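Below is one structure; the comments refer to it alone.
Nothing in this text is a laboratory measurement; each read-out follows from the coordinates by a stated rule. Since we're looking at a predicted model, the values are computed, not measured. Cβ placement follows ideal geometry from the backbone for every residue including glycine, while neighbour counts extend to all protein chains displayed.
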Amino acid sequence: MSKAIKNQAQILSKFGITELNEMQLRAQEAILLKPEVIILSPTGTGKTLAFLLPIIEQLDQDTATIQVLILVPARELALQIEQVVRDMGTGHKCNALYGGRAASKDKLDLQHPPAILIGTPGRIAHHIRRESFDTDDIRFLVLDEFDKSLEIGFEEEMEEILDDLRGVRKKILTSATDGIDIPRFVGLSNPTKIDFLAGHKINLKLKLIESPDKDKLETLYKAICHLKGQPGIVFLNFKDSIQRVSDYLKEKNISHGCFYGGLEQNDRERALIKFRNGSHQLLLATDLAARGIDVPEIKYIIHYHLPHRAEEFTHRNGRTARMQAAGTAFVMKWSEEELPDFIPELEKETLIETEPPSPSEWTTLFVSGGRKDKISKGDIAGLFFKEGELKKDELGVIELKQDCAFVGVKKNKADHLIKHLNNNKIKKRKIRVYEIE
């Protein structure tokens, strides 16, 4: 077994993967051999690993400057890719830069440039103007979710960035949809296209939920009860609508999180953390959550508001039925409302009157120590088992950040854990432990 194959097997084992799928194998071969590659594959099929594995294999261990630039349309996608790189455990430094992040953190990260830099167009263009980092050694350029990052709103920054990257020898573009005209400034001449959009079998059902009233709140509540607490996302078009629906669901004692552009970054991140670890089974979101976020396997999505474009319909639906799992996308409409042409004829779902779902048995604890303190997930688990006296099935997902951690635990154990673990020590560091709202 070659060293590269052995290293790859070790990386895949960290994600619980025994072998790459056909798209990933085809993409890997193309990226190793070709200068320009376009990867088209549905959401949830593993495009991030598809481009990271062959890129990391080609990195120069002795280069102390940035070698890879990954441009993404949203901060959540930047954070997700950064976490994947760190979980791979390759030893290469990786940082994510994005709007809303403290400039002081950017400055600190760039003092010792990462091998892999991930960022949103606005923030990366800002740093290139300020000459915050050297672009001469950037050999690999990835435009992830390029159908979004090459839209009009990002065009000026994207052109400015690409114009400054003189030494790029490999360009990789990825998307879950096709049909966008790639601007001339991207500089593609003869790209190799890996297209798995048509041939990929998605176990997705599309169904219609009809509301007798123009105001669909009561119908949504009935649908949530009908779906019996399964994990799902409700998509809305406006943040004001999310607030209105959220207030209504709170009155009905339906636990949920909210995710939209107007929220503070910490609030958005915590909403996703609680959704991932099961503290919340329901997420109310705008199209910001339709792509590029790391969420668990979910059983359904609901289009509370109809999407404006076919692409967003596709991306929203891509949040469920991922990696061969089954899922359902429900289109909710008022009985007198017309469906857009891009939505096919749908089978009607009959809502069965039932009791509201029980609140989640999980909650999330904050731990004030993280990766920079040399604290590992194993350290945290050990403390919770030993000092917190937890049983194995009472400890859920642990998410480790640079300066803190979030731990899913059974709700009935939260008070006991806070009492026994707050002001305890991990690696000689005193930690604070408390439950997050």
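General observations
- About its Cα centre, the dipole of the chain is roughly 2060 debye, where the only charges are +1 on Lys and Arg Cβ and -1 on Asp and Glu Cβ.
- All Cα pairs of region 17-106, percent lying beyond 20 Å: 42 percent
- For region 201-260, a crude dipole built from +1 on the beta carbon of Lys and Arg and -1 on the beta carbon of Asp and Glu, taken about the Cα centre, is about 340 debye to the nearest 20.
- For the chain, the Kirkwood radius over C-alpha pairs fed into Stokes-Einstein at 10 °C and 1.306 mPa s yields D = 68 µm² per second.
- Taking every C-alpha pair closer than 8 Å and separated by at least 6 residues, the mean separation divided by the residue count of the chain gives a relative contact order of 15 percent.
- Simple label model, 7 Å out from Cα along Cβ direction - Asp240 to Gln111, nm: 4.6 nm
- Taking only the alpha carbons of region 204-348, we obtain Rg and Dmax values of 14.1, 40 Å in that order.
- Charges were assigned to the Cβ only: +1 to each Lys and Arg, -1 to each Asp and Glu. The resulting dipole of region 295-437 about its Cα centre is roughly 1680 debye.
- Among Pro340, Leu52, Leu150 the positive-end extreme of the charge dipole of the chain (Cβ point charges): Leu52
- Per-q log10 I(q)/I(0), region 308-437, q = 0.22 Å⁻¹ (Debye; single scatterer per alpha-carbon; no solvent): -1.22
- Helical contribution to [θ] at 222 nm, DSSP H n ≥ 4, -39,500 (n - 2.57), averaged over the chain, rounded to 500: -10000 deg cm²/dmol
- Checking the cross-link pairs Lys105/Lys377; Lys239/Lys411; Lys107/Lys372; Lys299/Lys348 against a 25 Å limit on the alpha carbon distance flags Lys239/Lys411 as lying beyond it.
- Normalised Debye scattering of region 3-195 at q = 0.09, 0.16 Å⁻¹ gives log10 I(q)/I(0) of -0.30, -1.01, counting only Cα atoms as equal scatterers and leaving out solvent.
- Annotation for region 182-264: chymotrypsin sites (Phe, Trp or Tyr not before Pro) lying in DSSP loop with at most 14 further Cβ atoms inside 10 Å of their Cβ are Phe238.
- Relative contact order, whole percent, for region 362-435 stands at 44, derived from Cα pairs under 8 Å and 6 or more residues apart.
- Order of His226, His315, His308 under a 10 Å beta carbon neighbour criterion, fewest first: His308, His226, His315
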